[in-house]
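The values are calculated or read from the model by the stated rules, or taken from the named source; none is laboratory data. Predicted model, so just to flag it, every value in this text is computed and none were measured. Cβ coordinates were reconstructed from backbone atoms using ideal geometry, including for glycine residues, and neighbour counts include every protein chain displayed. Calculation scope for accessible area: heavy atoms of the full protein, side chains included, ligands and nucleic acids excluded. Shrake-Rupley method; radii C 1.70, N 1.55, O 1.52, S 1.80 Å.
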Amino acid sequence: MKNWLFQKNKINLFSFVSSPWLLAILPTLVIILLLPSLFQPYQLTLKQTQNNHKNKRLTFFEDLDHNGIKEKIDILDYREKFACCFIWANNSSLKRQFNFYGKIPQQENLTLPVFCDVNQDGVKEVFVFSQNEDSLFINAVDLLQQKVILNGRFISKIGLQKGLKDFVLRPITNHDYNHDSIPEIYFLLNGCYSLYPRKIMAYDYKNDTIISSVNTGSQHFVTPIKTNNNKLLFISTTPATNNCPIDFSYSYIDTCAWLFGFNDHLDMIFEPIPFNGVGCSVVGPMVVENKFHYSIFNTEDGRKNYIITTDSLGTIENKKTIPSTVHKGKLVEIKHKRKTHYLLRGNENNLFNIFEYNPEKLIYEQTSFTQMLPNATLIPFKLYPKQTAYLADNYQTNQSSIFLNNLNQELSFHTKLYINTYNLYAQSNQVPQGKILMLTNRKELFTYLITKNKYYPLRFLLFIIIYLLNAAFVFLSIQLYKNQANKQHKLQKEIVSLQLKLVNAQLDPHFAFNALNLVSSKILKGNRYEAYDLMTSFSSMMRSAMSFSDIVSWNLTKELEFVRAYLKLMSGRFKNLFEYKINNDENIDLTKIFISRLLIQNTVENSIKHAFNNISYTGLISINITQTANAIKIVVSDNGIGRKKARHNNNTTNNTQKGGNGLRWCKKQVNMYNELYSTKISFIIEDLSSNHKQSGTQTTISIPKKT
């Protein structure tokens, strides 16, 4: 009972494993993996490359008139003489050119225009900064009136130390601080080695006034923060670069790092907090539940790193020492699957990694989320109104890429780009084909096209179709194999049946009775040895017939053993009727040459039955086995009366064994054998003649050599 259940379970398991539905899974997965682009939601293509280095050319897209279509805006030095602004129509034709006082500021960082509707006419004005010698200016274009409404409004002097004029100018935000319904333009000026100015500024277009924070000796990195009561704060964190001399005329010099807080009037809301140590820097803020979180990093040996939390007025509430980590870049806030993550790239024990800040534990750590990210700084970027993309620089591969689809798809750019948390230059514009993305490496401007894969929403349907096609293919393959196996099995049965007919024809009772009478006769006549040989031959034939009755083929050695035994019996039975000779090439390994069973024997039998009727001479049956370059040839010949006379004798006599059946069986046997084993054995019968008279029959069996 147990054995029966085991066999049944074994059969069921085999049926399950060999099911087309299961076998189709693996090729389906392979096909899907080999066609990743087909099932990715977005595709990235480089469309254009422009050189923007010579004239400091920058290209921007902005929906100025809120019609859903972004206008193309070029900011450049016209013929290296003065700054200008090109506004392009949607058909790429030049709509208008506006010229300004001064040139595009000669600074390392990219000069970004500001878009702000200060006329309250529903169309944003374009504000462009320009430079003339040691002075900075702001200019503006009203596109509705098609004219320059602000030309060379003085902002500030630049340069103080050794005549240097290097600086960083960064727009911050637009905000209505005086509640006149017209927003002011906030920006910062950071003198680098020139030291002056280092402050935050705002321009009031309606009143044509400029407000400014105090000038400091430290460079500002400003983050605008909206509080719960909808007030705007400006939090500035500074690095300790140690560029200022000790006797510098402004306070808060950069021999240490500082934490500043300003209101929207750019007044300090708390006394700046210093953090000692050259190379020290303050990273933050992160606002979590009205608490401001900052990380203080020191690059000098022996100095500790720590985290502090403050309220909105700068009062330190918590302070916690953290392991030594050299930070790289700025804290980035990323929302992933409805959860907010605060990320920072840092060097810990000389290994760069992405760390996540835990505001509850006040620690930086590597998490399962950081493990799935590349070793790169991710910068959020609004690609679509409801979708955020992330631009990234991978410091290990030195490649730039963009992450889409909730960080599930990464598309690599063709070259290294300028991607920085402080001066991100990335503009997008919607076109019928998809989304145009403009990026730069400071020397060249690249235009990429991001397209949505039209097949992506159908991916599950495509997966099912691919799976069903694979299942159908596997099913058809199995059915074809089964049909082929059934066909081969049928052929085998037919060949075996045919061979059994031949065996039965030899071993029928009449044949066996005659063989035994022959042996008995020899014994009675005292020919014991001859009788023994005949009995041995008969036994050999019987043993071969019984042992191999269910096989289709055997080698030439066994076939010739059977033929010899048969010929010995027949020559003993028909005394002096015929003789036989069997010759084979000694270089042929007969054990490796396979042939359909009883093929030679049936040919020999046909000669004995029909070739030697009413002859006055001793017949001869010859079997010669030779080889050529391409085949093994078996030639069976006799010197009998020939096929024509044999047929005549059979027709005129009352012969129950009509001629031709044996040879027809042989031909059919060869044809079925060739089909079963995909071989090309040939079976050719020829009449021999001498002096224009038939003098026998020759049968040639050709077995091709295996290559």
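The convex hull around the C-alpha trace of the stretch 172-225, projected and averaged over every direction, spans 4.0 square nanometres. Here the extension length gained between LYS162 and LYS454 equals 99.2 nm, from 0.36 nm per residue of separation less the Cα-Cα distance. Within the accessible surface of the stretch 77-235, defined with a 1.4 Å probe on protein heavy atoms only, the carbon and sulfur portion equals 47 percent.
Using alpha carbon coordinates only, what is the Rg to Rh ratio of the stretch 177-271, with Rh defined as the Kirkwood radius? Answer for the stretch 177-271: 1.00.
For the peptides 351-358, 597-604, 135-142, the ranking by mean Cβ contacts within 10 Å, running from highest to lowest, is 597-604, 135-142, 351-358. Computed 3J(HN,Hα) for the stretch 453-465, one whole-Hz value per residue from the Karplus formula 6.51 cos²θ - 1.76 cosθ + 1.60 where θ = phi - 60°, is 6, 5, 8, 4, x, 9, 4, 5, 5, 5, 4, 5, 5, glycine and proline marked x. Taking 0.36 nm per residue of separation and subtracting the Cα-Cα distance, full extension of the segment from LYS226 to MET542 would add 103.1 nm. Couplings 3J(HN,Hα) of the stretch 640-650, computed from phi: x, 7, x, 5, 5, 5, 5, 5, 4, 4, 5 Hz, in residue order, whole Hz [Karplus 6.51 cos²θ - 1.76 cosθ + 1.60, θ = phi - 60°; x for Gly and Pro]. Values of log10 I(q)/I(0) for the stretch 129-228 across q = 0.13, 0.14, 0.18, 0.25 Å⁻¹ run -0.51, -0.58, -0.90, -1.39, by the Debye formula with one identical scatterer at each alpha carbon and no solvent. The apolar share of the surface of the stretch 559-707, taken as the fraction of accessible area on carbon and sulfur atoms (1.4 Å probe, ligands and nucleic acids excluded), comes to 46 percent.
A protection proxy built from the mean count of other Cβ atoms within 10 Å ranks the segments 688-694, 244-250, most packed first, as 244-250, 688-694.
Taking the charge dipole of the stretch 237-349 about its Cα centre, with +1 at Lys and Arg Cβ atoms and -1 at Asp and Glu Cβ atoms, the residue from CYS280, SER295, ASN347 reaching farthest to the positive side is ASN347. When the Cα gyration tensor is reduced to axis lengths a ≥ b ≥ c, the ratio a/c is 1.5 or higher for the stretch 248-339, and with a/b not above b/c it is classed as oblate. Once both labels are positioned 7 Å from their Cα atoms along Cα-to-Cβ, the gap between TYR193 and VAL30 label points is 6.2 nm.
With one equal scatterer per alpha carbon and no solvent term, the Debye-computed log10 I(q)/I(0) for the stretch 540-647 at 0.20 1/Å reads -1.09. Averaged over residues, the count of other Cβ atoms within 10 Å places the peptides 165-177, 58-70 in the sequence 165-177, 58-70, highest first. Filter the cross-link list LYS581/LYS609; LYS47/LYS124; LYS482/LYS667 down to pairs whose alpha-carbon distance in this structure exceeds 25 Å. Check vs 25 Å cut-off fails for LYS47/LYS124; LYS482/LYS667. With R₀ set to 35 Å, the beta-carbon distance separating ARG79 from LEU144 gives a calculated FRET efficiency near 0.80. Taking only the C-alpha atoms of the stretch 345-389, the Rg (one decimal) and the largest Cα-Cα distance, Dmax (whole number), read 13.0, 41 Å. Measuring between alpha carbons in the structure, the pairs from LYS162/LYS226; LYS361/LYS382; LYS70/LYS103; LYS81/LYS435; LYS320/LYS382; LYS633/LYS668 lying more than 28 angstrom apart are LYS162/LYS226; LYS361/LYS382; LYS81/LYS435; LYS320/LYS382. Taking only the Cα atoms of the stretch 561-707, the ratio Rg/Rh comes out at 0.97, with Rh defined as the Kirkwood radius.
Taking 18 Å as the straight-line reach from the Cα of LYS231, the aspartates and glutamates in range (excluding those fewer than 8 positions away in the same chain) are ASP176, ASP180, GLU184, ASP264, ASP267, GLU289, ASP311. The mean accessible area for residues of the stretch 162-318, using a 1.4 Å probe and ignoring ligands and nucleic acids, is 41 Å² per residue. Note that the stretch 306-382, at 4 °C in a medium of 1.567 mPa s, gets a Stokes-Einstein diffusion coefficient of 96 µm²/s from its Kirkwood radius over C-alpha pairs.
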